[in-house]
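Trainee: Just passing along the structure, written as structure tokens.
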Amino acid sequence: MAFDFPIRKIIHVDMDAFYASVEQLDNPELRGKPIAVGGDSDRGVVAAASYEARRFKVHSALPSVTAKRRCPHLIFVKPRFDRYKEVSDQIRAVFYEYTDLVEPLSLDEAFLDVTENKKGNPSATIIAHEIRALIKERTELNASAGISINKFLAKVASDINKPNGQKTINPEDVIQFLEQLPIEKFFGVGKVTAKKMHAIGIFNGAHLKVRSKESLERDFGKSGAHYYNIVRGIQNSEVKPNRTRKSIAAERTFMKNLSSELFVIEKLEAIADELERRMLTAQSKGKTITLKIKYSDFVQQTRSKTIDRFVNRKHDFFPIIEELVYQDVLKESVRLLGISISNLETGEEKQPLSVQLIIEF
């Protein structure tokens, strides 16, 4: 099928159970066993789960108590983000051997635009295979990949043959693929929206495609135009190598609720130390300081202040945090505290991306 918009060659690379796989790599005794990266306390949360644990429906963001109930022999491992970043840097080095158009989404996944690439290889499918092989050779870890004409399709495709596989959705197959795709798999369709779509008879892309743009905008507001375009393979979002970070944060959930401002300040001291470390690692400064408070009844509150200079050191931003703490009385006892710095200073200039019309995948 011919499209009336530029055809790009986009790869989405997604590491398989990354944090858990790194832990199993570094500790052979954990291999083949169900492990969860995260805290095992009553208020802990699973950050990542090995495929052995996933068989028991243990997954990221699951409360640790629920994870232990589903898998009584689950092994909890404390996260080591410095180690994960070290491995992530090795993986990104592989990406840059093929293209400078790399948009990291997290430590374990990224988009690559290989429409024009350093190897001069016209096949994005072959490039994805080579990248996965190099990652395996250099890190001993498995990666999956999706290849297609835009970021949305590449991301959907990367999940199809997981783990340790890849899937190409060729330009001529895009429309048929989208028509058969369950509506829950469409970007921007969460549980609430999917339920609303089901209620009006939209269960897959084919059902979505027969709806007019006007009716979709009437039912789903501004998102309606997005749904109208995406089911037709239209997504013009480019791979952005200089993806601007909006904020840097650190937070902590406590075993016991905090009942006074003095206890809150004490805990915020340690959180501020961690935030300073993250700011310095990112080589970033910001002007807006935000305090996040989650109470024992799960009500969440934020208090922010913007100052007239960029800061990243604790001695500069912590007095603002103290001011925000005493800005208002605590409503209840506190179960979570967080600090974030936004309105970040950046000197990065966005470069225009060149697109070449090559159809071969």
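The values are calculated or read from the model by the stated rules, or taken from the named source; none is laboratory data. Quantities reported herein were computed from a predicted structural model and do not represent experimental measurements. Note that we place each Cβ from the backbone using ideal geometry, even for glycine, and neighbour counts take in every protein chain shown.
Trainee: Residues 14, 40: which one is assigned to a loop (DSSP other than H, G, I, E, B) and touching a strand residue (DSSP E or B) at 6+ places or on another chain (Cβ under 9 Å)?
Mentor: Numbers: 14 fails: assigned to a loop (DSSP other than H, G, I, E, B).
Result of the check over 14, 40: 40.
Trainee: Restricting attention to the stretch 219-251, and to residues there that are of a type in the set (Ser, Thr, Tyr) and under 19 Å from the mean Cα position of the chain (by Cα), which single residue is modelled with the lowest pLDDT?
Mentor: Among those residues, the one meeting the criterion is 244.
Trainee: Return the pair list, or none, for Cβ contacts closer than 8 Å from residues in the stretch 45-62 that are at pLDDT 95 or above to residues that are of a type in the set (Ser, Thr, Tyr), at least 6 apart or on different chains.
Mentor: Taking only residues 6 or more apart or on different chains, the pairs are 49/60; 50/21.
Trainee: Follow-up question, since we're still on this one. Kindly establish whether residue 160 is part of a loop (DSSP other than H, G, I, E, B) and outside the structural domain of residue 187 (by TED's automatic domain parsing).
Mentor: Values: part of a loop (DSSP other than H, G, I, E, B): yes; outside the structural domain of residue 187 (by TED's automatic domain parsing): yes.
Yes: the conditions hold for residue 160.
Trainee: Right, another one. Under the condition of being at pLDDT 95 or above and of a type in the set (Asp, Glu), which residue from the stretch 1-25 is nearest to the chain's Cα centre (by Cα)?
Mentor: Among those that are at pLDDT 95 or above and of a type in the set (Asp, Glu), it is 14.
Trainee: Let me spell it out: the conditions are (1) within 17 Å of residue 154 (Cβ to Cβ); (2) among the polar types (S, T, N, Q); (3) surrounded by fewer than 13 Cβ atoms within 10 Å (Cβ to Cβ), and residue 168 meets all of them except one. Which number is the exception?
Mentor: That leaves (3) as the condition not met.
Trainee: Is there a residue being in contact (Cβ under 8 Å) with a residue 40 or more places away in the chain, more than 20 Å from residue 237 (Cβ to Cβ) and not in a helix (DSSP H, G or I) anywhere in the stretch 124-137?
Mentor: Scanning the stretch 124-137 turns up no residue that is in contact (Cβ under 8 Å) with a residue 40 or more places away in the chain, more than 20 Å from residue 237 (Cβ to Cβ) and not in a helix (DSSP H, G or I).
Trainee: Additional query: Looking at the structure I just gave you, is residue 254 outside the structural domain of residue 101 (by TED's automatic domain parsing), within 28 Å of residue 102 (Cβ to Cβ) and part of a strand (DSSP E or B)?
Mentor: Criteria not met by residue 254.
Trainee: Here's another thing I want to ask about it. Quick one: in the stretch 173-193, of everything that is within 21 Å of the chain's Cα centre (by Cα) and in a helix (DSSP H, G or I), which residue is modelled with the highest pLDDT?
Mentor: 183
Trainee: Restricting attention to the stretch 58-69, does a residue exist that is in a loop (DSSP other than H, G, I, E, B), touching a helix residue (DSSP H, G or I) at 6+ places or on another chain (Cβ under 6 Å) and more than 30 Å from residue 115 (Cβ to Cβ)?
Mentor: yes
Listed here are the residues, each with its yes/no results for (1) more than 30 Å from residue 179 (Cα to Cα); (2) among the β-branched types (Val, Ile, Thr); (3) surrounded by fewer than 19 Cβ atoms within 10 Å (Cβ to Cβ).
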position	(1), (2), (3)
241	yes, no, no
258	yes, no, no
267	yes, no, yes
271	yes, yes, no
302	yes, yes, yes
313	yes, no, yes
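Conditions (1) among the acidic types (Asp, Glu); (2) crowded, with 18+ Cβ neighbours inside 10 Å; (3) at pLDDT below 90, marked per residue:
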| position | (1), (2), (3) |
| --- | --- |
| 40 | yes, no, yes |
| 70 | no, no, no |
| 87 | no, yes, no |
| 102 | no, yes, no |
| 108 | yes, yes, no |
